[in-house]
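The values are calculated or read from the model by the stated rules, or taken from the named source; none is laboratory data. This one's a predicted model, so the numbers in the text were calculated from it and none came from an experiment. When we count neighbours, we look across all protein chains shown, and the Cβ atoms used for this are built from the backbone with ideal geometry, even at glycine. SASA here: full protein model, heavy atoms, side chains in, ligands and nucleic acids out. Shrake-Rupley method; radii C 1.70, N 1.55, O 1.52, S 1.80 Å.
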Amino acid sequence: MAIPQRPSLEPSELAELLRRAKSAVALTGAGISTGAGIPDFRGPRGLYVTRRYDPDLVFEIEHFRSDPRAFYEFTRDFMDLLRTTAPTLAHRALARLEAAGMLKGIVTQNIDALHRQAGSHNVVEIHGSYWTAGCTSCGQPEPRASSPDWWAEAVRVGPRPPVVLCARCGGVLKPDIVFFGEAVRGLSEAEGLARRADLFLVLGSSLAVYPAASLPLHAPGKVVVVNKGPVALPPGKDRYFVEQALDQYFEEVLEALGLSAGDA
Ligand code: NAD
């Protein structure tokens, strides 16, 4: 029986595909943000490995409803981290590619808003973000929840362990991030982008989380995975697997295109 091949792709070859693509789309995961110091879940220093937090508890909706403290402990540390992080070269490269007309959009599983900070415009945050929030009791939005600084201050002055409460009714606030057990956001938009993609990039994702993991299967064109660890996508026609660090790889892609990543 023939062993399925997992062909790789040189940065200059991806540059050429990007040049020719009419509708290139990127699906990004936690691996694009590890270079910014934000741990992923399944990489060598990921949360599932270090277990400093248990992602199955922190992001589980029923657990949050019965006891939001684990989530807020995580939020306190995550906001401290976000206040000191900046988009990576790979984030900035994607913004640059969009500006140059070579990337139609990004579907991200990340909740760190670093794509927006890097200057990308067409970003579908299917797992939501912290930058909008609402009360779990009265249902009112909390318009001030719009930056790491606000959250960092809110968890600092709250009770110990910190839980941020609604100023109107005292209910528990919940940022609009998607917990395990909740429906993802913008799925039809994400699927639409994937269905029209003549080039679909999977960047820094193990493809272990559905429905994001199914998006490459909708893409009719070439699929290029750039990821350092195992990825749950079988080899197939027009599928390429690059096992390299994203920042280093995209630095070379931009160089081949004569573009610079610039500043965020
Ligand atoms: P994942 O942790 O399952 O997979 C990340 C993959 O990226 C791993 O295979 C890892 O080896 C690889 N990787 C890490 N650093 C890399 C680098 N510099 N270059 C190339 N590859 C690298 O992440 P996922 O697929 O996004 O799924 C995890 C879920 O956790 C998602 O739902 C996401 O919302 C959430 N999450 C988000 C953040 C964030 O917002 N930054 C961080 C952790 C988890």
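Out of the residues in the stretch 166-187 meeting the condition of being in a loop (DSSP other than H, G, I, E, B) and touching a helix residue (DSSP H, G or I) at 6+ places or on another chain (Cβ under 7 Å), tell me which one is surrounded by the most Cβ atoms within 10 Å (Cβ to Cβ).
179
The conditions are (1) under 19 Å from residue 185 (Cβ atoms); (2) modelled with pLDDT of 95 or more, and residue 119 fails exactly one of them. Which is it?
Of everything listed in (1) under 19 Å from residue 185 (Cβ atoms); (2) modelled with pLDDT of 95 or more, residue 119 misses just condition (1).
Within the bounds of the stretch 89-98, is there any residue that is assigned to a helix (DSSP H, G or I), at pLDDT below 95 and open to solvent by less than 10 Å² (accessible area, probe 1.4 Å)?
No - not one qualifying residue is present in the stretch 89-98.
Name the single residue, out of those in the stretch 32-76 being among the small types (Gly, Ala, Ser) and surrounded by fewer than 16 Cβ atoms within 10 Å (Cβ to Cβ), that is farthest from the chain's Cα centre (by Cα).
Checked the stretch 32-76; the qualifying residue farthest from the chain's Cα centre (by Cα) is 66.
Condition first: touching a Gly at 6+ places or on another chain (Cβ under 8 Å) and not assigned by TED's automatic domain parsing to the domain that holds residue 46. Can you find one or more residues in the stretch 253-260 that meet it?
Looking only at the stretch 253-260, we keep the residues that are touching a Gly at 6+ places or on another chain (Cβ under 8 Å), and these are none.
No, that holds for no residue.
Starting from residues that are surrounded by fewer than 18 Cβ atoms within 10 Å (Cβ to Cβ), in the same structural domain as residue 31 (by TED's automatic domain parsing) and of a type in the set (S, T, N, Q), keep the ones in the stretch 115-150 and report whichever is farthest from residue 91 (Cα to Cα).
Selected residue: 122.
Please tell me if residue 153 is open to solvent by 50 Å² or more (accessible area, probe 1.4 Å) and either out of contact with any Gly (no Cβ under 8 Å at 6 or more places or on another chain) or acidic (Asp, Glu) (or both). Steps first, please.
Values: open to solvent by 50 Å² or more (accessible area, probe 1.4 Å): yes; either out of contact with any Gly (no Cβ under 8 Å at 6 or more places or on another chain) or acidic (Asp, Glu) (or both): yes.
The answer is yes for residue 153.
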